[in-house]
There are 2 protein chains.
Amino acid sequence: MLAARLNGVACQDEHALSVQDRGLAYGDGVFETMLLRAGEIRFVADHLQRLRLGCERLGIDPPSKQTLLGELAIVAKSYRDGVVKMIVTRGATARGYRAARDLQPTHLTLLFPAVTDDNRMLTVRWCNTRLARNAQLAGIKHLNRLEQVLARNEWQDNAIDEGLMMDTEGEVVCATAANLFAVLDQVLVTPDLRFCGVRGIVRQQILAAAAQLGVAVEERALWPDELAAASELFVSNAIRGIRSIAALGDQHWRGGPIADTLRTRLRL
Amino acid sequence: MLAARLNGVACQDEHALSVQDRGLAYGDGVFETMLLRAGEIRFVADHLQRLRLGCERLGIDPPSKQTLLGELAIVAKSYRDGVVKMIVTRGATARGYRAARDLQPTHLTLLFPAVTDDNRMLTVRWCNTRLARNAQLAGIKHLNRLEQVLARNEWQDNAIDEGLMMDTEGEVVCATAANLFAVLDQVLVTPDLRFCGVRGIVRQQILAAAAQLGVAVEERALWPDELAAASELFVSNAIRGIRSIAALGDQHWRGGPIADTLRTRLRL
């Protein structure tokens, strides 16, 4: 970690969070992971909007957009490139699920080194860990991420880049840390995330860009046995952009023309 | 909060947790809430066993039983009565769901004031927030508790003591911070928690004590429309023990003989 700011103040010591913070106690908050490149945070308005939507869903009154933009500007100015993680929690309280309405939320900005990335195609696997279905928590990037943690820790083999996840009913939802797209009969299909999964910022950008490019797009339920028929498969997130999939078990793909076009279009 | 100990050291300042702790980042850990009464932590062996089981399920290597007992002994000696909350997380790491195998877990012991309790019967309501189903996370007391937070914050009316929760398929699971029991045709029924909910320490004590008392017990799927036929309804947790329910919506109960017997038997 290169830098940390807690509630508007630079942390001299990373041991700075209240042991009573509800982010720790219950995962009672949301986060964003953003790409800082050449002094600019990509899609910053979209990230802050999703963060605000997540807070609304959870009944958290987040710091103002100006406050959060100010925090981001400070790290963006000091470090031109990196990965910025912003966490907003409901704040610190004594124990108990009940939260006072006037609680002061916690906001935390962490800066990590930039990832070195090469756009090579990925090898992925299926995860055994399933995602539970709860429409009330679907789409937002909340801090309850045990399923992703368990899924990502199913393998240690560095030859496997990512894992695809199904929900408890067997629908395909996403990768552990990315959204998933499949090209099926010339249509760009991505899971609709009505029960679980995160509405990725780059996912939204891809859907808009594909429509502009005249590519048919569908957000719908996607099932594992459909993937074998895909002419192209790729994943997306805010840090690594768009990455084509080369292999999933014994299925293989060569290149990804739609992914390539989208990557160029979105400057990812 | 009366006291906090982090990784074996008394916190001089409650702002002591690493901002990179995975408990904050992902809810990547477990907790226990224990009753300290007259210098003794009730059911301490059961609590530490559940904590260990939860860690096993999550692939966390927890501190030794001796270490955790030592932490509890220190707070129990200094404060004779109170509520002790113990949190164990996978530890602090840079961002990313993947966790190194040799990570040092975090353990945190918090002491809160004792609750004043009067054993009066409770008024409860139904919560709109549902519990998602995921057998992989069911039963253990992990830190992903957003559903309970949302459920408990559905009401502010102090006349309502607790809220009952269903899962996404409509089965009754628990109260926001307690297990639920219903006496149906002389049988003590409690949800089996196969998909969600926490296997409460007092719940397990109740099941054992009821069997010893010759009360038939059943752990099974319980549906909301069954509750109207219950001769008695009660909730249990480690802090407030066993509490009979007087009202749920327009349904009312007077007294709870089985709850009273169990409370006496278990010295709750």
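The values are calculated or read from the model by the stated rules, or taken from the named source; none is laboratory data. All values reported here derive from a predicted model rather than from experimental measurement. Every residue, glycine among them, receives a Cβ derived from its backbone with ideal geometry; neighbour counts consider all protein chains shown. Keep in mind that these areas ignore ligands, DNA and RNA; they rest on the heavy atoms of the full protein, side chains included. Shrake-Rupley method; radii C 1.70, N 1.55, O 1.52, S 1.80 Å.
Here's the picture: charge each Lys and Arg Cβ at +1 and each Asp and Glu Cβ at -1 in chain A, and of A:Ala238, A:Ala100, A:Pro257 the one pushed furthest to the positive end of that dipole is A:Ala100.
Partner shielding of A:138-146 amounts to 5, given as the average count of beta-carbon atoms from other chains within 10 Å of each residue beta-carbon. Dipole magnitude for the protein assembly as shown: computed about the Cα centre from +1 point charges on Lys and Arg Cβ and -1 point charges on Asp and Glu Cβ, it is near 1120 debye. Nonpolar atom fraction for chain B, defined as the carbon and sulfur part of the 1.4 Å probe accessible area, stands at 49 percent. Relative contact order for chain B: 18 percent, from Cα pairs under 8 Å spaced at least 6 residues apart, divided by residue count. Peptide B:147-159 shows a mean partner chain C-beta count of 4 within 10 Å per residue C-beta. With an a/c value of 1.5 or above and a/b larger than b/c for the gyration tensor axes a ≥ b ≥ c computed over the alpha-carbon atoms, chain A is described as prolate.
Only helices enter this figure: runs of n ≥ 4 DSSP H residues, each worth -39500 (n - 2.57), summed and divided by the residues of chain B, yield -7000 deg cm²/dmol at 222 nm to the nearest 500.
List the pairs from A:Lys85/B:Lys141; A:Lys141/B:Lys85; B:Lys65/B:Lys141; B:Lys85/B:Lys141; A:Lys65/A:Lys141 whose alpha-carbon separation is above 21 Å, in the order I gave them. Distance filter (> 21 Å) returns A:Lys85/B:Lys141; A:Lys141/B:Lys85.
Note on chain A: GNM, Cα springs under 10 Å; of A:Glu226, A:Glu218, A:Glu40, the largest mean-square fluctuation is that of A:Glu226.
Per the accessible-area calculation with a 1.4 Å probe, the total area buried between chain B and chain A rounds to 5500 Å².
Solvent-accessible area per residue in chain A equals 40 Å², computed with a 1.4 angstrom probe and all protein chains kept. Please compute the contact order of region B:111-268 in relative form: average sequence separation of alpha-carbon pairs under 8 Å and at least six residues apart, divided by the residue count, as a percent. Dividing the mean separation by the residue count of region B:111-268 yields 26 percent.
For B:Cys11, the residues whose amide H sits under 5 Å from its own are B:Ala4, B:Arg5, B:Leu6, ignoring neighbours fewer than 5 places away on the same chain, with H placed 1.01 Å from N. Remark: mean inter-chain Cβ contacts per residue of B:85-98 equal 4, using a 10 Å Cβ-Cβ cutoff to other protein chain atoms. Based on C-alpha pairs under 8 angstrom that are at least 6 apart in sequence, region B:37-163 has a relative contact order of 25 percent.
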